[in-house]
Amino acid sequence: MSNKVLSDQRPLETIVDKPLYSPIKRRSFFMYAGATAGATALVLAGCNNNNDSSPGSIDVGSGDFGVLNYAYALEQLESAFYIQVLGGSYFTGAGAAEKQIFTDLALHEKIHVDFLRTAIASAGGTPIANLVPDFSTIDFTNRTSVLNAAQAFEDLGVQAYNGAGRYINSASYLLLAGKIVSVEARHAALIRDLIAYNSFVGPVSGATVTSNAVIDPSLTSATARQEQSKLPSVVLNTVNTYLATGSKLTATSFG
Amino acid sequence: MDLFQILSDIEKVDGEVYQRFDTRRQVFKHLSGMGKKVTAATLPALLSTMFNKAYGQTTALSQTIIDTLNLALSLEYLEFYYYSQGVTSGLFSGNDLNAITIIRDDEQGHINALRGVLGSNAIADPTAAAFDYTAGGRLAPFTSAALFLGNAQAFVDTGVRAYKGGAVNLISNKDILTAALNIHSVEARHSSHIRTMRRGGVGVAGVDGGGPNDSLPKSWISLLDGGGPAPAVTAPVYNAGSPAATYPAEDNVTQGIINVQSNSNITGPAGIPITAAAASEAFDEPLDANTVKIIARNFRSATAPAYLFA
């Protein structure tokens, strides 16, 4: 019992101390590694890419701790993203309103991620390892690139929390997830409005919702005007495109 | 009998046939796995079970679920007739009118979906005449766009808190729970947009706690938002429910046993300190059904049916 050697069984302080948000940029990595070693690394990376479901991936686990770790993983990704936004030149040059919005988003997500890790540990669970993001597709100097990524993360977060609700057994954890998801939905709506005003429930033409990107636009279906929640397996397909090799996620005990 | 052809035919008239089963993959897994053991005699029984599960209402809804969904439905009617009047009020044009129309349609969709789940257990449509949006003459929402949007914020924030508090009552029925969660987040999106409209658009920065008279609300609830747009009526929308330990006020910073502002394992990003405002904004709080009804009863008209928010 007491001789577990898994890396994520270390004392909480050790995990907290490890920087969550300082992924080595691909380019910097090659600089550090040197040209020859870099070439070798490229070959190895190529091999790993064929193997996304290899033992190198991280499973969120099962039961309520599995759902909480799934949420913790998503929040890690969001938090790391916003911290990188705050350090980028888009943010530095943004106007007062957007500066405040992104500062708030960074604060909320950092609070979520630190809270979830602390809560999982204090309830006797084991938080998953720190994930290494891969934001190489995002240009942090470019407003459109940052907003589009923020929209993807926020919409995905809402879809993920809603879709995972059915796997939560404990009423208090369900309530907790509810407290977080509506804040994510507020974020998502505002980011959408920043990109295309009035698109807070999805792409619109005038007063008509034109796609099911966010809600089912039907007025009469069983899911009329409801968020299009997604099951963990679907969410993770997208999430994994923003995670480095070795940090890819699975949720094998959920749908 | 070609089952796959039958499913394909059903899909032509019901595009969601596969979603009615657990997942498409599971249907085929189920069928191909069973295939070896299925005989001509057992196949009809197997199919009957599958389709019953997918389309049939196999068990009656519990009274708790009925009550929770009917309260949600009542709140949807409160909002639907409010936005309907907003659309025809002449207070809005352009993007603003479009937004009010989109939200009205969302509420219509939610009403239809909730009625579908409740079936004969649904309350009767209370009609627009059941609502007094002036709260007995204390508010004047149809005299200006700003006042209309202020009331809208109070309604939608009440709705978000009500769905959040009600969700735990639905935990035994995963499909109904998921539907409620999928409405809950849409209501939160509405709140975000109404708040953005109230502060003057995406180019205007909000203020911690909503600013003077909650005139510069953030798109998220910050502290108590100064009691909301009309504190004499709307303060309870942001205050604690009952019991307060489970349904704290919106300025709450303690989640479970963890104070998210002062806990040493929780720190701000990039050295930014966690203020009480930030700690409160990061979590929305639920409300209990009774507190929701007390708030909503302010908006019953003299002729409202007895069951409305009873």
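Things to note:
- Inter-chain Cβ neighbour average for residues A:166-178, partner chain, 10 Å: 5
- Cβ crowding within 10 Å averaged over residues, with A:174-185, B:75-86, B:153-164, B:232-243 ranked highest first: B:153-164, A:174-185, B:75-86, B:232-243
- Across peptide B:213-220, the mean count of Cβ atoms from other chains lying within 10 Å of each residue's own Cβ comes to 3.
- Judged by the mean number of other Cβ atoms found within 10 Å, the most tightly packed of the peptides A:223-234, B:252-263 leads the ranking A:223-234, B:252-263.
- Of A:Lys248/B:Lys218; A:Lys110/B:Lys218; A:Lys230/B:Lys164; B:Lys174/B:Lys293, those spanning more than 30 Å from alpha-carbon to alpha-carbon: A:Lys248/B:Lys218
- Near A:Leu243, the amide H atoms lying under 5 Å from its own belong to A:Asp134; only residues 5 or more places off or on other chains count, and H is placed 1.01 Å from N.
- Along segment A:233-248 the Karplus relation, 6.51 cos²θ - 1.76 cosθ + 1.60 evaluated at θ = phi - 60°, assigns HN-Hα couplings of 4, 6, 4, 5, 4, 6, 4, 5, 6, 10, 10, 6, 3, x, 10, 5 Hz to successive residues, with x for each Gly and Pro.
- For B:Ala240, the amide hydrogen comes within under 5 Å of the amide hydrogens of B:Ala249, counting only partners 5 or more places away or on other chains and with H modelled in the peptide plane.
- Positive contributions from Lys and Arg (+1) and negative ones from Asp and Glu (-1), summed over other residues with Cβ under 13 Å from the Cβ of B:Pro248, come out at -2.
- Centre separation in Å (Cα based) which lies between segment B:123-158 and segment B:236-282: 29
- Taking amide H atoms as placed 1.01 Å from N in the peptide plane, the amide H of B:Phe131 lies under 5 Å from those of B:Ser301, each 5 or more residues away in sequence or on another chain.
- Summing charges over all other residues whose Cβ lies under 15 Å from the Cβ of B:Pro236, with Lys and Arg as +1 and Asp and Glu as -1, gives -3.
- Per residue of peptide B:202-208, the mean number of Cβ atoms on other chains within 10 Å of the residue Cβ is 5.
- Distance from the alpha carbon centroid of segment B:172-192 to that of segment A:181-239 works out to 12 angstrom.
- Around A:Thr210: net Lys/Arg minus Asp/Glu count, Cβ-Cβ under 15 Å: -1
Every read-out reported here was derived from the displayed coordinates using simple, explicitly stated rules and does not represent laboratory data. Keep in mind that what you see is a predicted model, and the values were worked out from it rather than measured. Note that we place each Cβ from the backbone using ideal geometry, even for glycine, and neighbour counts take in every protein chain shown.
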